[in-house]
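The values are calculated or read from the model by the stated rules, or taken from the named source; none is laboratory data. No experiment lies behind these values; they were computed from the predicted model shown. Backbone-built Cβ (ideal geometry, glycine too); neighbour counts: all protein chains shown. Protein only, heavy atoms only, side chains kept; ligands, DNA and RNA dropped before computing areas. Shrake-Rupley method; radii C 1.70, N 1.55, O 1.52, S 1.80 Å.
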Amino acid sequence: MEMPNPAGPGGAELKNAEREIQAFRVRLMFAGSLVALCFLLLAGRFVMLQIVNYDEYQSAAEDNRISVLPIVPNRGLILDRNGVVLARNYSAYTLEITPSKVADLEETINQLAQLIEVQPKDRKRFQKLMAESKNFDSLPIRTRLTDEEVARFAANRWRFAGVDIKARLFRQYPLGELASHVVGYIGRISEKDLEQIEARSLEANYKGSEHIGKIGIEQSYEKELHGTTGFEQVEVDAGGRAVRTLARTAPVSGNNLTLSIDIELQRIAEEALGDRKGAVVAIEPATGEVLAFASRPGFDPNLFVDGIDTVNWDAYNNSPDKPLLNRPLRGAYPPGSTFKPFMALAALTMGKRRPEQAISDPGYFMFGSHRFRDDKVGGHGSVDMHKSIVVSCDTYYYMLANDMGIDNIAKYIGPMGFGALTGIDIEGELPGVLPSTAWKAKRFRRPEQQRWYAGETISVGIGQGYNAYTPLQLAHATATLANDGKVKVPHLVRTIEDARTGTKQSVLPQIPKDAEGRPTRPADLGYKPEHLAIIKKALAEVPITGTAARAFAGAGYASAGKTGTAQVFTLKQTEKYDAKRIAEHLRDHAWYIAYAPAENPKIAIAVLVENGGFGSQSAAPIARMLFDYALLGKKPEKPGPAPLLAPKPGALADDEDAD
C-alpha cells in the first residue's frame, strides 16, 4: 500500500517557487548594483567633464565653435626718390586646387579647362609649384580671373571637390624690367624660406601668407615690407560655415620704402646700355645714396610672383647673357686702367712717388726676359704722374707696381673698398679680389700655386692679373675719392615710412664691421689734401684732352674721369689685339669711372660694358648721357643705346684714344 506525500500534491511546486524567488532577488540586487555602479560611473564622468576638466573641454568646445582666421597684411609699397611707384599691390580672384583633396588631379584640371581657360603654361607652373610645395597647400591653377570666369565656376562649384576661388592680393611691378635687379621680386614661400621663418620664430606673423621677398629690396627689407598679420575670430556652425564675427585684430600694413634711385636716371642708364651686357652705378658722394643701379640684360619680375613658368625660366636661366645676374653687385671684373688713379694715390700716400717724378716710356717695361707692352707703340716719352693718368700710360704703372710690391698695393688700395664688401643694403654682394701674398696662399692648394711671383705684381698695377672688382666697388671708390676720402656707405633705401604713424625715418647705413665688431675701415681715410688735388687735377683733364675728350666734347659742365679697358684673356707677346678677329665673349670689357661737377661733385659713376672694347668708345658716352640728365636735366633726344664712338680719323686703335 502506497504511503501519502507529507508535503501534499503541491509541495514540490512550492519549494521550487521559493527557490526562484530567492534567485530573482539575487539577480535583482545584482542588476540594481550594476545600475547603481553605472550611475556612479556616469556621475564620476560628469564630475570629470564638468568640474575637473571643465577648462580643457570648454576650450576645445570653443575651438570647435570658433575659427581663428589670419588676415594677411598689405605689403608695403616701393617708390623711387620722386614718388614713382616701383612695386604695388592689387586684389584679384584666383582658382586654386588643394592636391590632397582631389582624387584625380589630371581629370579635375581637364574638367576645369572646359569652364575656364587653362593654358599649357598654367599647367606647367602648377606642376612646378606642386613639386615645391606640400600636398595640402592650396596652389593656383589660374590667377586673375575675370568676373565672368568667377561666375561660371561658382555655378559649377559642387562638381569640384578641393577646388576653390580665393581673393588674393597680388604684387605688381608696373615698370617691368626697369630697375628689376634693384627692386627684386616676391615668390611663393618655399621649404627653405619656411625653415628661416621658423628659425626666427616668425611663424605666427606668416600665417596665411604665401609669398616672401626673394631677391633685391623685396628680400633685404622683407621685415619692413611684410607688415603684421591680423586675426579674426569667427563663430561657425556644425557644417563649418561662418555665422558671425566675434572679434577682430586688424593687420598692420607693411612700411613703405622710398629708394634713393631716380627712376628717370635709371631708365637712361638701362636704355643707354641697350642690348649690350653691362652695368651702371651712380652714387651721390656726400651721402652714399645710389642714384642709379642698372644691370643689363634685365628680367620681368612680374613673371615670378605666381611662380614662373618653365618656358620663361629656361629662357632666363639658360641664356648666355645671364639676365638674372646682378652685375653691379655680383659681377667681378678686372678694372683695367680705372685702377690707375688709385694706384697713384696709394704711391703718394706711401711716399713711393712724387708728383713731378717722371719716367721715360719706350712703349714697354722689361721684367727679366718678359716684355710688358704699353698701349701706345713707341711709348709716351717722358711721363710724370699727371700725364700717366691723362694719357693712361701702362709703363708708368708697370714700374710703380714693381716698386711698391703686391702687399703694399693691397695695404694702400684696400681702404678705398677694393676687395671688401661695401655694406650696401641689398643681399648677395660679392667682395671681389684684391690680390696679396696672403690671399694667394689661402686661395690655392698646391704649394707651387700659393707662392706669389714678382712678375705677377706687374700686371696688377694696370688693373689686370688677379684683380677682380664689382661695378659697385668701382663706383663706391670713385665716390670716396670725389668726397676727399670720406667714406659714405652706398645705400638704396632712402627713407622708411611707418604704416601706422606715417612718419618717415632716414636710412643711415654703417661701415661693415669685422668679427670682433670693429669697422673694417675708418670713416675718413685721411688722405692729404695736396695728394687728392694732384689726382683730381689729372682726372679733370681726362675729359678735356685725355682719353675721354671725344665723349665729353661740348659738355656744359666740368667733370673728372678715367677710361679703362680690361682684358678678358691674355694675348701672346707677338699678338696684337683686333676685336674683329676675336669672338665677342672674349673681347675686352669697357670701363669708365667719373664724377661731376669736378669742383663740387654731385654724382659719381662707374660704367661697365661687357666685351665693349675701349672704355673711351663704349663706356664714356653712357656716362655723358647720365651726367647731362643729372646736372642739366637733359634727356637723350632719341632714347636708346649710347653711340659707340669710332676712333678719330687718322688715329690708331691703340693710340691716345686707347685706355
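With viscosity set to 1.002 mPa s at 20 °C, what whole-number translational diffusion coefficient in µm²/s follows for the stretch 305-454 from Stokes-Einstein and a Kirkwood radius over Cα pairs?
Diffusion coefficient, whole number: 116 µm²/s.
If you add up the charges near residue 631, with Lys and Arg at +1 and Asp and Glu at -1, over every other residue whose beta carbon is less than 12 angstrom from its beta carbon, what do you get?
+2
Report ³J(HN,Hα) in whole Hz for each residue of the stretch 386-400, in order, from the Karplus equation J = 6.51 cos²θ - 1.76 cosθ + 1.60 where θ = phi - 60°; Gly and Pro get x.
Those phi angles translate into 4, 5, 4, 7, 5, 9, 6, 7, 5, 4, 4, 8, 4, 5, 5 Hz.
What number comes out for the charge environment of residue 355, summing +1 per Lys or Arg and -1 per Asp or Glu over other residues with Cβ under 15 Å away?
+4
Calculated FRET efficiency, residue 46 and residue 25, Cβ-Cβ r, R0 25 Å, to nearest 0.05?
Efficiency computed from Cβ-Cβ geometry: 0.25.
Determine how large the accessible area of residue 545 is when every protein chain is in place; take a 1.4 Å probe and give Å² rounded to the nearest 10.
90 Å²
To the nearest 10 degrees, how steep is helix 105-115 against the longest Cα principal axis of the chain, on a 0 to 90 scale?
Tilt relative to the chain: about 80 degrees.
If you average the alpha carbon positions of the stretch 405-449 and of the stretch 484-562, how far apart do those two centres end up, in angstrom?
21 Å
Say each of residue 246 and residue 484 gets a label point 7 Å from the Cα, pointing the same way as Cα to Cβ; how far apart are those two points in nm?
Reported label-point gap for residue 246 and residue 484 is 6.8 nm.
Please list 456, 106 in order of solvent-accessible area, largest first, computed with a 1.4 Å probe with all protein chains present.
Accessible-area ranking of 456, 106, largest first: 106, 456.
Rounded to the nearest 10 Å², what accessible area does residue 258 have for a 1.4 Å probe in the complete protein model?
30 Å²
Can you give me the three principal axis dimensions of the chain from its C-alpha atoms, in Å, biggest first?
Extents along the principal axes, in whole Å: 169, 59, 50.
Taking the simple approach of a point 7 Å from Cα along Cα-to-Cβ for both residue 448 and residue 117, what is their distance in nm?
Each label point lies 7 Å from its Cα, and together they span 6.6 nm.
With charges set only on the Cβ (+1 for Lys and Arg, -1 for Asp and Glu), what does the dipole of the chain come to about its Cα centre, in debye to the nearest 20?
1040 debye
Starting from the 7 Å offset along Cα-to-Cβ, what nm value, one decimal, do you get for the label separation of residue 514 and residue 358?
4.3 nm
What pairs from 536/634; 322/504; 387/486; 277/411 go past 29 Å between their alpha carbons?
Checking Cα-Cα distances, 322/504; 277/411 exceed 29 Å.
Please determine, in degrees from 0 to 90 and to the nearest 10, the orientation of helix 620-632 with respect to the longest principal axis defined by the Cα atoms of the chain, where the helix direction is its Cα long axis.
Helix 620-632 sits at roughly 80 degrees to that axis.
Could you please put 443, 624 in sequence from largest to smallest accessible area, using a 1.4 Å probe?
Correct descending sequence by accessible area is 443, 624.
For the stretch 101-230, what is the accessible area per residue in Å² when the probe is 1.4 Å?
With all protein chains present, the stretch 101-230 gives 50 Å² per residue.
For a protection proxy built on the mean count of beta-carbon atoms within 10 angstrom, sort 198-209, 358-369, 259-270, 66-77 highest first, please.
Order by mean packing, descending: 259-270, 66-77, 358-369, 198-209.
As a test of reading the structure, rank 393, 38 by solvent-accessible area (1.4 Å probe, protein chains only), most first.
Highest to lowest solvent-accessible surface, that is 38, 393.
Take the Cα pairs of the stretch 123-219, get the Kirkwood Rh, then feed it into Stokes-Einstein at 20 °C and 1.002 mPa s and tell me D in µm²/s.
It comes out at roughly 136 µm²/s.
Calculated FRET efficiency, residue 155 and residue 104, Cβ-Cβ r, R0 22 Å, to nearest 0.05?
Calculated value: 0.50.
Would you please give the FRET efficiency between residue 644 and residue 147, computed as 1/(1 + (r/R0)^6) with r the Cβ-Cβ distance and R0 = 41 Å, to the nearest 0.05?
Taking R0 as 41 Å, the efficiency between residue 644 and residue 147 is 0.20.
Note down the net charge around residue 232, summing +1 for each Lys or Arg and -1 for each Asp or Glu among other residues with Cβ under 13 Å from its Cβ.
Surrounding charge for residue 232 is +2.
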